[in-house]
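Participant: After the structure tokens below, expect a handful of questions from me.
The values are calculated or read from the model by the stated rules, or taken from the named source; none is laboratory data. Fair warning: this is a prediction, and the values are worked out from it, not measured in the lab. Note that we place each Cβ from the backbone using ideal geometry, even for glycine, and neighbour counts take in every protein chain shown.
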Amino acid sequence: MVKTEQIQLETEGFCDLHDITGEVSRKVRDSGMKSGIVTVFVSGATGGITTIEYESGLVQDFRKFWEKLVPQDDFYAHNARWHDGNGFSHMRASILGPSITVPFVDRKLTLGTWQQIIFVDFDNKNRNRTLIVQIMGE
């Protein structure tokens with residue numbers, strides 16, 4: 001069986017992190033499936049999804065890491081072509097990736113104790129984001 005759901009988010013950009021674990025867990029629990037996998041995917045080229053221990057110190061470290069790895073104020077040919085200033089956003093999102101797949105057993109995600117699913121908006125402006133949640137199982 002396959003069930004497709006959505007999560008809607010209003011984001012602020014500039015490495016705005018959202019813990020979506022609770023919403024994904026509810027969708028799995030309410031799916032009627034006992035075991036399987038859930039994939040969360042962002043349809044957009046400036047956002048990404050991963051897991052992290054979602055606590056304030058690590059959130060701060062995560063943002064600092066991205067600024068060191070792909071600085072906002074560097075030159076990006078994308079910006080020269082489109083003049084939208086979000087070349088860094090596309091680079092960061094392509095490195096992080098647009099999706100994650102997590103197994104579930106007995107209607108519960110198999111995440112570790114300190115592991116949460118997060119969405120990261122790397123864009124340089126506020127956005128309304130739609131995340132696709134596809135649940136496959138029995």
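Participant: Inside segment 21-64, can you point out the residues that are within 10 Å of PHE104 (Cβ to Cβ) and not charged (D, E, K, R)?
Facilitator: VAL24, SER25, VAL28, SER31, MET33, SER35, GLY36, ILE37, VAL38, listed by residue number.
Participant: Moving on to the next point. Do you know which of the residues in segment 87-138 that are charged (D, E, K, R) and either in a strand (DSSP E or B) or under 16 Å from the mean Cα position of the chain (by Cα) (or both) is surrounded by the fewest Cβ atoms within 10 Å (Cβ to Cβ)?
Facilitator: In the first step, residues of segment 87-138 are kept if they are charged (D, E, K, R); the result is 92, 106-108, 121, 123, 125, 127, 129, 138.
Remaining after also requiring either in a strand (DSSP E or B) or under 16 Å from the mean Cα position of the chain (by Cα) (or both): 92, 108, 121, 123, 127, 129.
Values: ARG92: 22, LYS108: 13, ASP121: 26, ASP123: 25, ARG127: 17, ARG129: 20.
Here the residue is LYS108.
Participant: For segment 33-62, give me each residue that is touching a Gly at 6+ places or on another chain (Cβ under 9 Å) and among the small types (Gly, Ala, Ser).
Facilitator: Hits for segment 33-62 are SER35, GLY36, GLY48.
Participant: Just give me the residues in segment 100-137 being touching a Lys or Arg at 6+ places or on another chain (Cβ under 9 Å), more than 19 Å from SER89 (Cα to Cα) and either at pLDDT below 95 or of a type in the set (A, V, I, L, M, F, W, C) (or both), in sequence order.
Facilitator: PHE104, VAL105, VAL133, ILE135, MET136
Participant: State which residue is farthest from VAL42 (Cα to Cα) when the search covers only segment 85-138 and only residues that are among the small types (Gly, Ala, Ser) and out of contact with any strand residue (DSSP E or B) (no Cβ under 9 Å at 6 or more places or on another chain). Show your work before the answer.
Facilitator: Of segment 85-138, the ones among the small types (Gly, Ala, Ser) are 85, 87, 89, 93-94, 97, 99, 112, 137.
Now narrow it down to the ones that are out of contact with any strand residue (DSSP E or B) (no Cβ under 9 Å at 6 or more places or on another chain): 85, 87.
Numbers: GLY85: 21, GLY87: 18 Å.
Out of the qualifying residues, it is GLY85.
Participant: Please tell me if SER56 is in contact with a Phe, Trp or Tyr (Cβ under 7 Å, 6 or more places away or on another chain), within 30 Å of GLY112 (Cα to Cα) and of a type in the set (S, T, N, Q).
Facilitator: Values: in contact with a Phe, Trp or Tyr (Cβ under 7 Å, 6 or more places away or on another chain): no; within 30 Å of GLY112 (Cα to Cα): yes; of a type in the set (S, T, N, Q): yes.
Criteria not met by SER56.
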